[in-house]
Amino acid sequence: MRSFVKTTQAKMLLHNKFVVILGGSVQRSMYKDLVRLLQTEKFLTLSQLKSKGEHSFERDQLLEGGSLGLMSNGTEYREVRQYRTEHHLLRFYFITRVYSVYMQSILDQLRQGFKPDLIIVSSCVWDMTRYGPNCLEKYKENLHRFFGQMKSMVCHNSLMVWTLAMPLAKKIKGGFLVPEVSHLWPSLCQDIIEANFYSGQLADTYGLDILDLHFHFRRCLQHRMPDGVHWDALAHRSISTLLLLHVAQAWGVILKVDSSISASPAPPPPASSAAPDAPFCAPWQHFPRPAFRMHPSPHPLLPPSGRMMFPLHPPFRCPPPDWGGGWGPVRGGCSGIVRRRRLNSRMHPYYPPAPELPPMWRQ
């Protein structure tokens, strides 16, 4: 994405809003980037991306775990952070499983305390690597439990966004990957794709919003860190922009990355051309580039059920090879979130010329 959401836009969109982020280390970096974006338009530094459990980050506060407790790479690690001002409240919970006793305590706390306006949650990589040989089946069962709890007992007026796990490298190095699960490493990137597909379809069934980060960043692998799991500051600012664009669309607020925010509701999409007696089929829209399904008259607080972002082609198909065709939008609807990867970019300042098409494709 060539343009990002500005600090003034983020402040106005999240004004008097309570935002809760649940997830692992990637979601912690999402939280940090949002906290930094609410104060300045500067990106996160490398040390800020790598650090965890610090007492304070950009005027936030460590409430539980982290350096206050036992620093480890195990499933028992906890970290709860909060950034609070007069008009903004952001809270982050580090989780290693989508549903557990600890997750149940978090849900009880959200049900009894302040009701969040926005809940951003993701859990996949830890679930697929640290909980036994049948981790995929257990993950599916826990997804049913978690989504059911979220919709039935937490808060009905919250916007809940399920973010799909980002692409992993074939060879990864991470603190959560202990030697006991080294046999999972070669196929983990493919297992994540299968888990993403199942969790996305299930979240759509339960009426949650879905942000497919795997689809958006499938061709932005040059912004992935050397460990094969985490991402750099530019990628996280792109994630913050995608999240805020999605939230603005769901709340009926016009938010443009190149102009100021407007409090007027977004114009409704054109009416469907389906017959009156036919089942409802919402028109396709572009958000911000891949198409997604949306109710024609969204409520400003309660997002309609069944809204899910759908790519313009099968989302988890292996993408065609990048032929290096310049600086235009990424093929398949990615809208140039970050520029294309080019071969040997340190040696060649320009893209190599695109190869000629075979004769059978020229017609």
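Using equal-weight Cα scatterers in the Debye expression, the normalised intensity of the range 58-132 in log10 at q = 0.20, 0.24 Å⁻¹ is -1.02, -1.32. The order of the peptides 210-217, 7-14, 59-66 by mean Cβ neighbours within 10 Å, most packed first, is 210-217, 7-14, 59-66. Is the C-alpha gyration tensor of the range 1-95 telling us rounded, prolate or oblate? Criteria: a/c under 1.5 is rounded; beyond that, a/b larger than b/c is prolate, otherwise oblate. Here the range 1-95 falls in the prolate category. Of the cross-linked pairs LYS52/LYS173; LYS32/LYS256; LYS32/LYS140; LYS50/LYS171; LYS42/LYS173, those separated by over 24 Å at the C-alpha level are LYS32/LYS140; LYS42/LYS173. Pairs of Cα atoms nearer than 8 Å and 6+ residues apart set the relative contact order; for the range 1-111 it is 29 percent. Work through the residues other than THR75 whose Cβ is under 11 Å from its Cβ and net out their charges, Lys, Arg +1 and Asp, Glu -1. Once all neighbours under 11 Å are counted, the net charge is +1. Among the chymotrypsin sites (Phe, Trp or Tyr not before Pro) in the range 112-156, those placed in a DSSP loop whose Cβ has at most 16 other Cβ atoms within 10 Å are PHE114.
Compute the signed sum of charges (Lys and Arg +1, Asp and Glu -1) over the other residues within less than 9 Å, Cβ to Cβ, of VAL98. Net charge around VAL98: +1.
Using a cut-off of 15 Å between beta-carbons, work out the net charge of the residues near GLU54 (Lys and Arg +1, Asp and Glu -1, GLU54 not included).
+4
Coordinate-derived values only; no laboratory data. This one's a predicted model, so the numbers in the text were calculated from it and none came from an experiment. Note that each Cβ is placed from the backbone with ideal geometry, even for glycine, and that neighbours are counted across all protein chains shown.
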